[in-house]
Amino acid sequence: MATSRGGAAVRRYIEQLPAELERTVLRGAARAGGKVLVDGAKERSISSDVDDAIVMKRRSEPGRITVTITVEKGWARSVANWLEYGTDPHFIAVDDSQRAGMSVGRVNKMTKDGSLVIGGQFVGSTVHHPGARPHPFLRPTLDIDGSKAVAEAQNFINAHVTRSGIIASAEPEDDA
(Lines give C-alpha, C1' and ligand atoms only; values in the text may rest on other atoms or scores of the structure.)
Protein backbone atom coordinates (compact mmCIF):
# COMPACT_ATOMS: atom_id res chain seq x y z
CA MET A 1 0.00 0.00 0.00
CA ALA A 2 1.25 3.47 -0.88
CA THR A 3 1.87 5.97 1.88
CA SER A 4 2.56 9.67 1.90
CA ARG A 5 4.07 12.09 4.34
CA GLY A 6 3.48 15.77 4.86
CA GLY A 7 -0.29 15.77 4.36
CA ALA A 8 -0.87 17.82 7.50
CA ALA A 9 1.67 20.43 6.39
CA VAL A 10 0.03 20.69 2.95
CA ARG A 11 -3.42 21.10 4.52
CA ARG A 12 -2.11 23.84 6.85
CA TYR A 13 -0.52 25.62 3.88
CA ILE A 14 -3.73 25.45 1.84
CA GLU A 15 -5.83 26.65 4.79
CA GLN A 16 -3.69 29.76 5.32
CA LEU A 17 -3.34 30.50 1.60
CA PRO A 18 -6.48 32.71 1.19
CA ALA A 19 -5.48 34.93 4.11
CA GLU A 20 -1.89 35.18 2.83
CA LEU A 21 -3.07 36.08 -0.68
CA GLU A 22 -5.44 38.72 0.70
CA ARG A 23 -2.79 40.19 2.99
CA THR A 24 -0.13 40.50 0.32
CA VAL A 25 -1.09 40.03 -3.29
CA LEU A 26 -4.71 41.18 -3.45
CA ARG A 27 -4.06 44.42 -1.56
CA GLY A 28 -1.27 45.25 -3.98
CA ALA A 29 -3.47 44.33 -6.95
CA ALA A 30 -6.21 46.65 -5.70
CA ARG A 31 -3.69 49.44 -5.34
CA ALA A 32 -2.27 48.84 -8.83
CA GLY A 33 -5.74 48.97 -10.38
CA GLY A 34 -6.71 52.02 -8.33
CA LYS A 35 -3.58 53.88 -9.43
CA VAL A 36 -4.72 53.57 -13.05
CA LEU A 37 -8.04 55.22 -12.12
CA VAL A 38 -6.37 57.99 -10.08
CA ASP A 39 -4.07 58.82 -13.00
CA GLY A 40 -7.00 58.81 -15.44
CA ALA A 41 -9.09 61.10 -13.22
CA LYS A 42 -6.20 63.55 -12.85
CA GLU A 43 -5.71 63.52 -16.61
CA ARG A 44 -9.39 64.30 -17.29
CA SER A 45 -9.88 66.95 -14.59
CA ILE A 46 -9.65 70.56 -15.75
CA SER A 47 -8.72 71.96 -12.31
CA SER A 48 -5.28 71.75 -10.73
CA ASP A 49 -6.91 72.14 -7.31
CA VAL A 50 -8.94 69.00 -7.98
CA ASP A 51 -5.95 67.16 -9.49
CA ASP A 52 -3.95 67.68 -6.31
CA ALA A 53 -6.82 66.44 -4.12
CA ILE A 54 -7.70 63.20 -5.97
CA VAL A 55 -6.86 60.31 -3.69
CA MET A 56 -7.28 56.57 -3.50
CA LYS A 57 -8.56 55.00 -0.31
CA ARG A 58 -8.20 51.25 0.17
CA ARG A 59 -10.15 49.36 2.80
CA SER A 60 -9.77 45.74 3.76
CA GLU A 61 -12.34 43.60 5.48
CA PRO A 62 -12.12 39.84 5.79
CA GLY A 63 -12.79 38.48 2.33
CA ARG A 64 -13.20 41.91 0.71
CA ILE A 65 -10.84 44.64 -0.45
CA THR A 66 -12.28 47.88 -1.81
CA VAL A 67 -10.63 50.84 -3.47
CA THR A 68 -12.38 54.20 -3.62
CA ILE A 69 -11.20 57.06 -5.81
CA THR A 70 -12.37 60.35 -4.33
CA VAL A 71 -11.49 64.00 -3.83
CA GLU A 72 -10.32 65.10 -0.40
CA LYS A 73 -12.75 67.19 1.64
CA GLY A 74 -12.53 70.93 1.32
CA TRP A 75 -12.59 73.46 -1.50
CA ALA A 76 -11.32 70.97 -4.09
CA ARG A 77 -14.24 68.62 -3.40
CA SER A 78 -16.71 71.47 -3.98
CA VAL A 79 -15.01 72.31 -7.27
CA ALA A 80 -14.99 68.62 -8.20
CA ASN A 81 -18.74 68.37 -7.64
CA TRP A 82 -19.35 71.47 -9.75
CA LEU A 83 -17.12 70.05 -12.50
CA GLU A 84 -18.63 66.58 -12.43
CA TYR A 85 -22.27 67.65 -12.48
CA GLY A 86 -22.24 71.32 -13.54
CA THR A 87 -24.37 73.98 -11.87
CA ASP A 88 -27.81 75.37 -12.57
CA PRO A 89 -28.29 79.10 -13.11
CA HIS A 90 -28.59 80.82 -9.73
CA PHE A 91 -28.50 84.15 -7.95
CA ILE A 92 -25.65 85.11 -5.65
CA ALA A 93 -26.29 87.59 -2.85
CA VAL A 94 -24.68 88.62 0.40
CA ASP A 95 -26.38 86.64 3.16
CA ASP A 96 -28.24 88.92 5.59
CA SER A 97 -26.55 87.18 8.53
CA GLN A 98 -23.15 88.25 7.15
CA ARG A 99 -24.08 91.87 6.44
CA ALA A 100 -24.35 92.97 10.09
CA GLY A 101 -26.71 95.78 9.03
CA MET A 102 -24.34 97.10 6.34
CA SER A 103 -25.30 97.66 2.75
CA VAL A 104 -23.91 95.25 0.16
CA GLY A 105 -21.66 98.04 -1.13
CA ARG A 106 -20.21 98.57 2.35
CA VAL A 107 -19.64 94.81 2.76
CA ASN A 108 -17.75 94.80 -0.52
CA LYS A 109 -15.55 97.72 0.49
CA MET A 110 -14.67 96.06 3.80
CA THR A 111 -14.04 92.60 2.37
CA LYS A 112 -10.75 92.11 0.54
CA ASP A 113 -12.19 89.23 -1.51
CA GLY A 114 -15.18 91.39 -2.49
CA SER A 115 -18.30 89.30 -2.27
CA LEU A 116 -20.10 91.02 -5.17
CA VAL A 117 -17.28 92.85 -6.86
CA ILE A 118 -16.32 91.52 -10.29
CA GLY A 119 -13.25 92.90 -12.04
CA GLY A 120 -12.90 95.56 -9.35
CA GLN A 121 -16.41 96.89 -10.05
CA PHE A 122 -19.35 96.72 -7.69
CA VAL A 123 -22.06 94.80 -9.53
CA GLY A 124 -25.08 95.20 -7.26
CA SER A 125 -26.79 93.48 -4.39
CA THR A 126 -27.25 90.28 -6.36
CA VAL A 127 -25.59 88.61 -9.33
CA HIS A 128 -27.20 86.12 -11.67
CA HIS A 129 -24.75 83.31 -12.36
CA PRO A 130 -25.65 81.59 -15.64
CA GLY A 131 -24.57 78.20 -14.34
CA ALA A 132 -21.73 76.04 -15.57
CA ARG A 133 -21.80 73.09 -17.88
CA PRO A 134 -20.45 69.82 -16.49
CA HIS A 135 -16.94 68.54 -17.18
CA PRO A 136 -17.20 65.03 -15.76
CA PHE A 137 -13.90 63.36 -14.97
CA LEU A 138 -14.58 60.61 -12.41
CA ARG A 139 -17.41 58.72 -14.11
CA PRO A 140 -15.77 58.71 -17.56
CA THR A 141 -12.52 57.51 -16.01
CA LEU A 142 -14.23 54.42 -14.66
CA ASP A 143 -16.00 53.83 -17.97
CA ILE A 144 -12.88 54.34 -20.10
CA ASP A 145 -10.11 53.00 -17.85
CA GLY A 146 -12.03 50.36 -15.85
CA SER A 147 -10.86 47.44 -17.96
CA LYS A 148 -7.29 48.80 -17.95
CA ALA A 149 -7.43 48.95 -14.14
CA VAL A 150 -8.64 45.34 -13.95
CA ALA A 151 -5.85 44.29 -16.35
CA GLU A 152 -3.26 46.10 -14.22
CA ALA A 153 -4.56 44.35 -11.09
CA GLN A 154 -4.38 41.01 -12.92
CA ASN A 155 -0.81 41.76 -14.03
CA PHE A 156 0.13 42.43 -10.42
CA ILE A 157 -1.40 39.12 -9.36
CA ASN A 158 0.34 37.23 -12.17
CA ALA A 159 3.68 38.75 -11.20
CA HIS A 160 3.30 37.83 -7.54
CA VAL A 161 1.71 34.38 -7.70
CA THR A 162 4.08 31.96 -9.41
CA ARG A 163 4.54 28.22 -9.56
CA SER A 164 7.28 28.55 -6.97
CA GLY A 165 4.99 30.39 -4.54
CA ILE A 166 3.76 33.80 -3.51
CA ILE A 167 6.16 36.66 -3.95
CA ALA A 168 5.15 38.66 -0.89
CA SER A 169 4.57 42.30 -1.69
CA ALA A 170 1.55 44.37 -0.77
CA GLU A 171 2.43 47.32 -3.02
CA PRO A 172 3.17 47.79 -6.70
CA GLU A 173 6.91 48.20 -7.31
CA ASP A 174 6.64 51.45 -9.26
CA ASP A 175 4.30 53.14 -6.79
CA ALA A 176 5.70 56.22 -5.08
*Exactly one condition in (1) more than 19 Å from Ala149 (Cα to Cα); (2) surrounded by fewer than 19 Cβ atoms within 10 Å (Cβ to Cβ); (3) in contact with a helix residue (DSSP H, G or I) (Cβ under 9 Å, 6 or more places away or on another chain) is not met by Val50; state its number.*
(2)
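Matching residues to (1) assigned by TED's automatic domain parsing to the domain that holds Ala151; (2) closer than 22 Å to Asn155 by Cβ:
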residue	(1), (2)
Ala8	no, no
Val25	yes, yes
Ala41	yes, yes
Val55	yes, no
Val67	yes, yes
_Qualifying residues in the range 58-77 (those that are modelled with pLDDT of 95 or more and of a type in the set (D, E, K, R)) - the one nearest to Leu37 (Cα to Cα)_ = Glu72
*How many of the residues making up the range 30-89 are of a type in the set (Val, Ile, Thr) and free of Cβ contacts under 8 Å to residues at least 12 places away in the same chain?*
0
*Which residues, taken from the range 37-47, are loosely packed, with under 15 Cβ neighbours inside 10 Å and among the hydrophobic types (A, V, I, L, M, F, W, C)?*
Ile46
*Quickly run through the range 59-76 and pick out the residues that are β-branched (Val, Ile, Thr) and exposed (fewer than 14 other Cβ atoms within 10 Å of the Cβ).*
Thr66, Thr68
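Step by step: first the residues of the range 83-116, then only those that are modelled with pLDDT of 90 or more and out of contact with any His (no Cβ under 6 Å at 6 or more places or on another chain), then the one that is farthest from Ala53 (Cα to Cα). Which residue is that?
The qualifying residue farthest from Ala53 (Cα to Cα) is Asp88.
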_For the list (1) touching a Gly at 6+ places or on another chain (Cβ under 9 Å); (2) at pLDDT 95 or above, I need the number of the one condition that Ala80 fails._
(1)
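The values are calculated or read from the model by the stated rules, or taken from the named source; none is laboratory data. Predicted model only: the values in this text are computed from it and were never measured. Backbone-built Cβ (ideal geometry, glycine too); neighbour counts: all protein chains shown.
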